[in-house]
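Chemist: Starting off with a structure, shown below.
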Amino acid sequence: MKKTVLFILMALLAAQFAKAQDTLTVMHYNLLYYGNYNSGFAECFETNNNTQRKDECIRTVMNYVKPDILTVNEFGATQALLDAFVSHNLNINGADWWQADNIVNHAGSNIVNHIFYDTRKLGLKKHVALRTNPRDTDIYELYLKTPSLAIGDTVKLVCIVAHPKAGQGYESSRRALMQTAMDYVNANYPTENVLIMGDFNMYTSDESGYRLLTQTYSDPSVCFVDPLAYVGGVGAWNNNSQFAPFHTQSTRSYSEECFSGGGLDDRFDFILMADEIMFSYHHLRYVGGSYHAVGNDGRHFNQSVDQNGNAAVPPAVAEALFDASDHLPVTMKIAVDMKVGVGENTSTPLQATVAPNPASERVTVRFHNPKEGQVQCDLLSPQGQLLKRESKHYDTGSQQFDLSLQGIAKGFHLLRLTHADGWRQTLKVVVR
């Protein structure tokens, strides 16, 4: 009897935990002139970029990833196409919960961005299209449908979908688009849960548009974090085998009019997150290690994604990725927790703080040491570069030390404390 009661109590606790926590899967996908034939410089026709065949592939990929939010680039700019996409690829097999917003197309482009979302979990409050070149940049303000919160006190998630101009030599155009997006974030969502995603067409992390997003914006507290910054995914990724596990273009080793060739050798597609999501300031936090390019097994540098098998996805998915587009989709998971402060910062016993913040010359780091031992302090750039490392043996209890910022560039940085027994905490530091 006691065992039965204990089992019931454990089941109830597990159910409560499940209600308190959920996970959102976000996916971004460049659909390669979906439903738009002979568009621009691309030789895309119904014969080589057939929408019906693409739909079959998209359904396969969607069924494999099972996202809650899908954002896309290169979607034909007609309402009829949008409606057909939802009914043919999303609201199928009994599903009726997928929704998209109407087209806003200030630039008058023949291809646009879109968002599709699961209305069981999310609602759309606002859609703003920023007039950028050569296509609009779309801002979607979503809210989580969380019954445990009072009306008007919900969790916000802003998705910015961008698609700057492709090609080397257009770096200034890409930077200008990102400047417009960052200015909008600074004016409207400076401390909110924000993602920016899209086919950025950037060849290196040294490109000024990428650096603006992650490091050099005028307000250093407003910036985005690259989920791959701390696993070796940031650098000179163009045609560089060192970055093979992170490439997203091209799915084909040979060029075929509409589809770019050359095999996987560029990291063009991104989902970057505001530090509010990384540090779980507002109920949402990035699930570490969840970010990846779907179908990239690290073994197809300069090869087609389905060439000689694929270790990352089933054969049918690899074939679908090959046929649907010349880009791989990127995906990440975001954990939802209605308890305030859940995340790395409060789940660790270190209880660290840093002040002043922002700072210019030095900061004081205070922490609780749960056990006598070595504590290492690493100061990292937003790209994951180690800028400074200090290590010292500390007694148990309240501790503090000063960290010099001399020679550290202005902007957003990460300060990571690691105890010898494995406890870890990461803090945001802004240098001004």
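Chemist: Report relative contact order for segment 348-431 in percent, whole number only (criteria: Cα-Cα under 8 Å, sequence separation at least 6). Don't jump to the answer; show the numbers that get you there.
Modeler: On the way: 194 pairs, mean separation 29.8, N = 84.
About 35 percent, as a whole number.
Chemist: Okay, moving on. Nearest 10 degrees is fine. How inclined is helix 2-20 to the longest principal axis of the chain, computing both from alpha carbons?
Modeler: For 2-20 against the chain, the angle is about 60 degrees.
Chemist: Taking the Cα centre of the chain as the origin, how large is its charge dipole in debye, to the nearest 20, when only Lys and Arg (+1) and Asp and Glu (-1) carry charge on their Cβ atoms? If you can, show how the numbers build up before the last one.
Modeler: Details: 36 positive and 44 negative charges, 300 e Å.
Charge dipole of the chain: 1440 debye, to the nearest 20.
Chemist: Would you kindly state how much longer the chain becomes between V287 and V128 on full extension, computed as 0.36 nm times their sequence separation minus their alpha carbon distance, in nm to one decimal? Could the numbers behind the result be given before it?
Modeler: Working: separation 159, 0.36 × 159 = 57.24 nm, distance 2.78 nm.
Once the chain is fully extended between V287 and V128, it gains 54.5 nm.
Chemist: Average projected area of the Cα convex hull of segment 85-185, in nm²? Let's see the in-between values first.
Modeler: Numbers: hull surface 32.9 nm².
With the hull built on Cα positions only, its mean projection is 8.2 nm².
Chemist: Whole-Å semi-axes of segment 348-431's equivalent ellipsoid, largest first, each the root of 5 times a Cα gyration tensor eigenvalue?
Modeler: On the way: eigenvalues 92, 33, 23 Å².
That gives 21, 13, 11 Å for the three semi-axes.
Chemist: Using the Karplus curve 6.51 cos²θ - 1.76 cosθ + 1.60 with θ = phi - 60°, work out ³J(HN,Hα) for each residue of segment 254-268 in order, rounded to whole Hz, and write x for Gly and Pro.
Modeler: Residue by residue, segment 254-268 yields 10, 7, 9, 6, 5, 7, 5, x, x, x, 6, 7, 9, 9, 9 Hz.
Chemist: Karplus couplings for segment 165-178 from phi (6.51 cos²θ - 1.76 cosθ + 1.60, θ = phi - 60°), rounded to Hz, Gly and Pro as x?
Modeler: 5, 8, x, 6, x, 10, 4, 5, 5, 5, 5, 4, 5, 5
Chemist: Apply the Kirkwood formula to segment 346-385: the hydrodynamic radius equals the inverse of the mean of 1/r over all pairs of different alpha-carbon atoms; give it in Å with one decimal. Numbers along the way, then the final one.
Modeler: Details: mean 1/r = 0.0824 Å⁻¹.
By the Kirkwood definition, the hydrodynamic radius is 12.1 Å.
Chemist: Taking 0.36 nm per residue of sequence separation and subtracting the Cα-Cα distance, how much length would be gained by fully extending the chain between R366 and N302, in nm to one decimal?
Modeler: Values: separation 64, 0.36 × 64 = 23.04 nm, distance 4.85 nm.
Net length gain for the segment: 18.2 nm.
Chemist: Within segment 81-97, name every residue whose backbone N is under 12 Å away from a label modeled 7 Å from Cα of T119 along the Cβ vector.
Modeler: 91, 96-97
Chemist: In deg cm²/dmol and to the nearest 500, what is the mean residue ellipticity at 222 nm of the chain if only DSSP H runs of at least 4 residues count, each as -39500 (n - 2.57), divided by the residue total?
Modeler: Numbers: 8 runs with 81 residues, N = 432.
That calculation yields -5500 deg cm²/dmol at 222 nm.
Chemist: Looking only at Cβ-Cβ distances, which cysteines of the chain have no other cysteine closer than 4.7 Å?
Modeler: Unpaired cysteines in the chain: C57, C159, C223, C377.
Chemist: How large is the convex hull of the Cα atoms of segment 157-271 per residue, expressed in Å³ as a whole number? Please list the in-between numbers first.
Modeler: Working: hull volume 12.3 nm³, N = 115.
Cα convex hull per residue, to the nearest whole number: 107 Å³.
Chemist: Could you give the angle, 0 to 90 degrees to the nearest 10, between helix 315-324's Cα long axis and the longest principal axis of the Cα atoms of the chain?
Modeler: The angle comes out near 70 degrees.
Chemist: How many angstrom separate the Cα center of segment 172-199 from the Cα center of segment 367-432?
Modeler: The two parts, judged by their Cα centres, are 29 Å apart.
Chemist: Where in segment 52-114 are there chymotrypsin sites (Phe, Trp or Tyr not before Pro) that are in a DSSP coil and have at most 15 other Cβ atoms within 10 angstrom of their Cβ?
Modeler: Values: sites: Y64, F75, F85, W97, W98; in loops: W97.
For chymotrypsin sites (Phe, Trp or Tyr not before Pro) across segment 52-114 that sit outside H, G, I, E and B with at most 15 neighbouring Cβ atoms in 10 Å, the list reads W97.
Chemist: While we're on this one: Listing K165, K410 from the residue with the fewest other Cβ atoms within 10 Å to the one with the most, what is the order?
Modeler: Values: K165 17, K410 14.
Going from least to most buried by this count: K410, K165.
Chemist: Pairing the Cα long axis of helix 51-65 with the longest principal axis of the chain, what angle in degrees results, from 0 to 90 and rounded to the nearest 10?
Modeler: 20 degrees
Chemist: Quick check: pseudo-label points 7 Å beyond the Cα along Cα→Cβ at I92 and K392, how many nm apart are they?
Modeler: The two pseudo-label positions are separated by 6.1 nm.
Chemist: From the phi of every residue in segment 364-371, what ³J(HN,Hα) in whole Hz does the Karplus formula 6.51 cos²θ - 1.76 cosθ + 1.60 yield, where θ is phi - 60° and glycine or proline is x?
Modeler: Rounded to whole hertz, the list is 9, 9, 10, 7, 9, 8, x, 7.
Chemist: So what's Rg/Rh here for the chain, counting alpha carbon atoms and using the Kirkwood radius for Rh?
Modeler: Values: Rg = 22.7 Å, Rh = 23.0 Å.
Checking Rg against Rh, the ratio lands at 0.99.
Each value in this text was obtained by applying a stated rule to the coordinates, not by laboratory testing. The model shown is predicted, which means the values in this text are computed figures rather than measured ones. Please note: Cβ atoms are built from the backbone with ideal geometry, for glycine as well, and neighbour counts cover all protein chains shown.
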